[in-house]
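The values are calculated or read from the model by the stated rules, or taken from the named source; none is laboratory data. Every value quoted in this text rests on a predicted model; they were computed, and no experiment measured them. Here the Cβ positions follow ideal geometry from the backbone for every residue, glycine too, while neighbour counts run over all protein chains shown. Side chains are part of the model used for accessible areas, which takes the heavy atoms of the whole protein and leaves out ligands, DNA and RNA. Shrake-Rupley method; radii C 1.70, N 1.55, O 1.52, S 1.80 Å.
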Amino acid sequence: MILPYALPRALLFGMDAERAHELTLGSIARLQNTPAQCLWAQARVADPVTVAGLRFPNRIGLAAGLDKNGRCIDGLGAMGFGFIEVGTVTPKGQPGNPQPRMFRLPQAEALINRLGFNNEGLDAFIRNVRQARSFRAAGGVLGLNIGKNASTPIERAADDYLACLEGVFAHADYVTVNVSSPNTQNLRSLQSDEALDALLSVLQERKQALEAAQPDRSRKVPMFVKIAPDLDDTQVRLIAGTLRRTGVDGVIATNTTIARDAVQGLPHAQETGGLSGRPVFEASNRVIAALRAELGSGFPIIGAGGVMSGADARAKLAAGADLVQVYTGLIYRGPALVREAALAMRGPIGAA
C-alpha cells in the first residue's frame, strides 16, 4: 500500500530544499524496481492518447528538472505517470550555481530555484537512461531534455545542443530543446526570432539525418521546444511562426518565471532564479492559449506550470494543451497528485 505522503513531506520540509531533493532522488534510485517501491507505486490510470505520433498511456507527465541525471526513471514512473521527462543534460558535467540555490515558499505553494543545469554530463546521463527498464516496458514514454553548458558562449550554443541531440537520439521517445531556463546566462536570448530560427533549423536538419540513418527509418523522434511564461503576445506569435517554419513537432509551455508579483513579501521571494508552482499557473495558461490560437488545433502542446490539483490539470487542457506535466505540485502533494490529475483529464476535453 502506498505510504501516505504527509509523513515524508513533514520530514523533507524540515530540511534544506536541495538536501531534501537529493535525499528523495537517492532513495528512489536505490529502491526502484525492488519490493520497497510499493511505498510510492500506484496503478497507472489508463487514458491513452496519441500526440506527435507517440502513444501516451495517459496525459500526465513529469516535467524535466526533477531528475536531471535520469537516475530515477523507473521509480518515478511507478507513480503512475504516462510520460517522464528527464534532464536538462549538457554535453559536459557541471556543478551549476553556488548553493543555496533552491527555496520553498509554502504559503504560495511555490519554489524558487537557480540550480543552473547542474548535471553529470551526457555520458553519465545516457548510461542512466539505458539502465531504465520497467517504465518503458510498460508503455511509458520518455522525453530527454537538452541544453548548453554555462561555459559555452551563446554564439556557440548550437554546438552543445547538436552534441546532446546526437547523444540522446537513440534513447529518446522525444527530445526537448530547453531555451527558457532563467538560470543559465543569456539562454533565454535563444527564444528571440532569429536566434530560435537558426537553432531549430540546424537541429531539425541533424534530427532528420539521424532518423534517415537508422536501420528502422520508420522510427521518428519528435522534437519539442520549451519556452518561458514571461513572453508577451508578440513574442509568442513570433515563436509560433518559427515553430511552424522550422517544422518542429511540438512545444512545452512553460518553464519557470522570473516574475515575483504573486509572492511579494513572502520569505525568499526576492531570491533570484525561476519561480514555479501555483504562482505561474495563470501565466502558463495564457501562453498555452496564445500558442493554440496561433498554431491551430493540430499542433502538439504540453502544458506545464502550477498544476497543484486535478482541476488545474483539466484547466491546462481547456487552455489548449494536449498533455500536462507536473513538478512543484508533486513536491507539495506527493504521488496522489499524479492519479488525481490523470483521472481529471479523462474524457472529452471541455467536459465538466
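Counting the residues of the range 56-104 that are more than 18 Å from the chain's Cα centre (by Cα) and of a type in the set (D, E, K, R) gives 3. Filtering the range 245-279 to residues that are surrounded by 19 or more Cβ atoms within 10 Å (Cβ to Cβ), out of contact with any helix residue (DSSP H, G or I) (no Cβ under 8 Å at 6 or more places or on another chain) and among the hydrophobic types (A, V, I, L, M, F, W, C) leaves only 252. Please determine whether any residue of the range 158-181 is open to solvent by 30 Å² or more (accessible area, probe 1.4 Å), more than 30 Å from residue 75 (Cβ to Cβ) and modelled with pLDDT under 95. The answer is no; no qualifying residue exists. The set of residues from the range 211-228 being open to solvent by less than 40 Å² (accessible area, probe 1.4 Å), of a type outside the set (A, V, I, L, M) and closer than 22 Å to residue 64 by Cβ comprises 222, 224, 226. Would you mind stating whether residue 146 is under 30 Å from residue 265 (Cα atoms), at pLDDT 95 or above and of a type in the set (Val, Ile, Thr)? Criteria not met by residue 146. Which of the residues belonging to the range 58-98 are under 24 Å from residue 278 (Cα atoms), touching a residue at least 60 places away in the same chain (Cβ under 8 Å) and in a loop (DSSP other than H, G, I, E, B)? Within the range 58-98, 58, 59, 63, 64, 65, 66, 79, 80, 81, 82 meet the criteria. Set side by side, the residues 347, 334, 274, 303 differ, and just one is touching a Leu at 6+ places or on another chain (Cβ under 8 Å), within 29 Å of residue 5 (Cα to Cα) and among the small types (Gly, Ala, Ser), which is 303.
Being more than 20 Å from residue 255 (Cβ to Cβ), touching a Gly at 6+ places or on another chain (Cβ under 6 Å) and touching a residue at least 60 places away in the same chain (Cβ under 8 Å) holds for only one residue in 135, 117, and it is 135. Per the listing 22, 18, the residue uniquely among the acidic types (Asp, Glu) and free of Cβ contacts under 8 Å to residues at least 60 places away in the same chain is 22. If the condition is being closer than 19 Å to residue 53 by Cβ and either assigned to a helix (DSSP H, G or I) or open to solvent by 20 Å² or more (accessible area, probe 1.4 Å) (or both), then the range 293-304 contributes 295, 296, 297, 298, 299. A single member of 203, 231 is over 26 Å from residue 280 (Cβ atoms), open to solvent by less than 20 Å² (accessible area, probe 1.4 Å) and free of Cβ contacts under 8 Å to residues at least 60 places away in the same chain, and it is 203.
Counting only residues that are more than 19 Å from the chain's Cα centre (by Cα) and open to solvent by 30 Å² or more (accessible area, probe 1.4 Å), the range 105-118 holds 2 of them.
Per the conditions (1) without any contact (Cβ under 8 Å) to a residue 40 or more places away in the chain; (2) open to solvent by 50 Å² or more (accessible area, probe 1.4 Å); (3) not in a loop (DSSP other than H, G, I, E, B), the sole criterion not satisfied by residue 36 is (2).
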